[in-house]
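Step one of this worksheet: look at the structure below.
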Amino acid sequence: MNELVYEEADYGPLACLIGAWKGDSGEDLAPEPDGDEHNPYFETLVFEAAGDATNAEEQELAVVRYHQVVSRKTTGKVFHDQVGYWLWEAATGTVIQTLTIPRAVTLLAGGHAITQGNRTILRVRAKEGSTEWGIVQSPFMREKARTLEFRHELTVEGDKLSYDETTVLDIYGKPRYLHTDQNTLKRQ
Ligand code: HEM
């Protein structure tokens with residue numbers, strides 16, 4: 001097969017993501033009918049430069065594709081798999097994360113980047129019902145395990161990446177359950 005060749009792109013604050021990362025200090029707090037489930041985890045997170053996209057001959061987006069695979073420390077088994085893109089629009093300074101998980105939930109989170117010396121912080125959020133940065137889920141999930149909001153802050157400093165994300169769920173009669181995930185990873 002021929003090697004893939006992407007267009008040159010200005011990845012801006014997303015350039016620091018590109019590469020393969022591993023981390024084993026993950027902490028997940030997830031809902032259970034009778035309380036919480038606390039799951040220490042390890043993961044791999046791979047970001048690949050994927051060129052650019054032009055919309056309506058006007059909007060230029062730089063594209064970074066990612067795949068996150070998370071395993072439970074207690075069993076060594078994968079329990080979260082996530083794919084998506086990070087997008088950068090230089091003209092407006094907008095950062096976008098698209099996210100899909102195999103529970104039939106997908107979302108588009110928007111925000112911005114902050115640069116402090118050699119530290120880059122990406123901050124995005126999505127809200128169900130928002131016409132700008134929204135969440136789409138299957139009828140089952142909307143009924144039984146509804147995702148209401150998603151907030152994500154990711155920080156890269158050299159070869160260290162850390163993130164903190166909160167997914168607000170309506171599940172098991174808890175109208176605003178905070179499902180949280182944090183980890184720190186090293187570039188491989
Ligand atoms: C490192 C990231 C994540 C991990 C390790 C993780 C892990 C988990 C676990 C262990 C559960 C409980 C499953 C069960 O009781 O069988 C859960 C539930 C859920 N998660 Fe996540 N999650 C992550 C990120 C996300 C994200 C980003 C979203 C959506 C934006 C999400 C949406 C959900 C939903 C809707 C449920 C409810 C389903 C259920 O408990 O039956 N999760 N997650």
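The values are calculated or read from the model by the stated rules, or taken from the named source; none is laboratory data. Since the model is a prediction, treat every value here as computed from it, not as a measurement. Quick note on the areas: whole protein, heavy atoms, side chains included, nothing else; ligands and nucleic acids left out. Shrake-Rupley method; radii C 1.70, N 1.55, O 1.52, S 1.80 Å.
State in Å² the accessible area per residue of region 1-127; use a 1.4 Å probe, count heavy atoms of protein chains only, and round to the nearest integer.
Details: 7090 Å² over 127 residues.
Computed with neighbouring chains in place, this is 56 Å² per residue.
Roughly speaking, what % of Cα-Cα pairs in the chain are separated by over 19 Å, rounded to a whole number?
Numbers: 10749 of 17578 pairs.
It works out to 61 percent of all Cα pairs.
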Checklist entry - Given a 1.4 Å probe, how much area per residue of region 144-188 is accessible, in Å²? => result 49 Å²
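Taking only pairs that are 8 or more places apart or on different chains, how many Lys pairs in the chain have Cα atoms under 12 angstrom apart?
Working: LYS22/LYS160; LYS22/LYS186; LYS144/LYS174; LYS160/LYS186.
Lysine pairs meeting the criterion: 4.
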Item to check | Sulfur and carbon atoms: percent of accessible area, region 1-69 [1.4 Å] | outcome: 50 percent
Checklist outcome for this item: Expected field for ILE114, accessible surface area in Å² at 1.4 Å probe radius, rounded to 10, holds 40 Å²
Item to check | For region 1-49, alpha-carbon Rg relative to the globular expectation (2.2 N^0.38 Å, N residues) | outcome: 1.82
